[in-house]
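Undergrad: Here you go, one structure.
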């Protein structure tokens, strides 16, 4: 019997299910992992989903870049083939959660119109084909735009939300998307050309032409990475397996000792997306008094520029 709290985490990648960029059978294996994850979610039947995920300069920019932000309302941007449209957010629950987080001395921002991208919705579309019906409170975790929050702060954020969920009376599924080791094409503001700097600050929107050009560049990077070439740094399966072992062991001291720059060096420019996993796992442990791992799948897929993992646990 599953208790009142559960956890699901999954990697995301713009190149998910691109058969031509992976070894034969890879897409089928990943689909099977997500199907198992979907069955776990269906069996758990949550009243509420609280999701921690990053953004990739679609909803959050350097004009004001919070470490954490709670969405009291949200809509999907629709990048990389994901659907546009509103998320099903309970505004009152989200604001009560925000109050609990701030009472715990974590100064999270709030948005009544949060724009989320594939980093939030891909996990649900891969499992269920849609996100529109799911009761999600989205929580943005800055894992891309340096300077990043400390790993300890992500853990404390999760624990505060877990304590809130425990007393909220709802059957809560905590979720995270991102990671593991991967080195996608991430724009950096330091030394950026004026046009890129303006876009990262949010003064100029990403045009359809710019988005299309980015997609072409990422596809090319994936094709090069598949044969061990190109500018992206290789995946680090040893680090990925070590991270999953720490997650299973709920080794919060080890996570607190991690640093954003250190993770970037060993796991690539997207490796710090595991901040979201740590927050979600800490929330589950705080709500349920620990958790037991149900699923932990992993594949290193260079052509997708992703250490691809699917993870679930119950509390």
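FYI, it's all coordinate maths here, none of it is from the lab. None of the values given here were measured: they were computed from a predicted structure. With ideal geometry, Cβ positions are generated from the backbone for all residues, glycine too; neighbour counts draw on all protein chains shown.
Undergrad: What are the semi-axes of the equivalent ellipsoid of region 161-215, taken as the square roots of 5 times the eigenvalues of the Cα gyration tensor, listed largest first and rounded to whole Å?
TA: 37, 15, 13
Undergrad: Work out how much length residue 75 to residue 45 would gain on full extension: take 0.36 nm times their residue separation and subtract the Cα-Cα distance, in nm to one decimal.
TA: Using 0.36 nm per residue and subtracting the Cα-Cα distance, I get 8.5 nm.
Undergrad: Can you give the FRET efficiency to the nearest 0.05 for residue 167 and residue 112, using r as the Cβ-Cβ distance and R₀ = 22 Å? Don't skip to the end; give the middle numbers.
TA: Values: r = 24 Å, r/R0 = 1.11.
In this case the efficiency is close to 0.35.
Undergrad: Which distance in nm do the two modelled labels at residue 190 and residue 293 give, with both placed 7 Å along the Cα-to-Cβ direction?
TA: The answer from the label model is 3.5 nm.
Undergrad: Roughly speaking, what is the stretch gain from residue 197 to residue 146, that is 0.36 nm per residue apart minus the C-alpha to C-alpha distance, in nm to one decimal?
TA: Length gained between residue 197 and residue 146: 17.0 nm.
Undergrad: If I model a spin label at residue 130 and residue 102 as a point 7 Å from the Cα along the Cα→Cβ vector, what separation in nanometres do I get?
TA: It is 3.5 nm.
Undergrad: If you don't mind, there's one more thing I want to ask. Got the relative contact order for the chain handy, in percent, Cα pairs under 8 Å and 6 or more residues apart?
TA: 31
Undergrad: Quickly work out the residue 20-to-residue 63 label distance, labels modelled 7 Å from Cα along the C-beta direction, and quote it in nm with one decimal.
TA: In this crude label model, residue 63 to residue 20 measures out at 3.8 nm.
Undergrad: Okay, next question. Any chance you could run the full-extension gain for residue 257 through residue 208? It's 0.36 nm times the residue separation minus the Cα-Cα distance, nm to one decimal. Please list the in-between numbers first.
TA: Numbers: separation 49, 0.36 × 49 = 17.64 nm, distance 4.06 nm.
13.6 nm is the gain from fully extending residue 257 to residue 208.
Undergrad: Report, in deg cm²/dmol and to the nearest 500, the calculated mean residue ellipticity at 222 nm for the chain, where each DSSP H run with n ≥ 4 adds -39500 (n - 2.57) and the sum is divided by the residue count.
TA: -13000 deg cm²/dmol
Undergrad: Using Cβ counts within 10 Å as a stand-in for footprinting exposure, how do 126, 206 rank, fewest first?
TA: 206, 126
Undergrad: Under 17 Å from a point placed 7 Å out from the Cα of residue 84 along the Cα-to-Cβ direction: which residues of region 131-159 have their backbone N that close?
TA: Those under the cut-off are 131-132.
Undergrad: If you average the sequence gap of Cα pairs under 8 Å that are 6 or more apart and divide by the length of region 228-315, what percent do you get for the contact order? Each step should come with its number before you reach the end.
TA: On the way: 81 pairs, mean separation 25.8, N = 88.
Dividing the mean separation by the residue count of region 228-315 yields 29 percent.
Undergrad: Give the shape of region 1-120 as rounded, prolate or oblate, defined through the alpha-carbon gyration tensor: a ≥ b ≥ c are the square roots of its eigenvalues, a/c under 1.5 means rounded, and otherwise the shape is prolate if a/b is larger than b/c and oblate if not.
TA: The shape class here is oblate.
Undergrad: Mind checking Rg over Rh on the chain, alpha carbons, Kirkwood formula for Rh?
TA: Radius of gyration relative to Kirkwood radius: 0.93.
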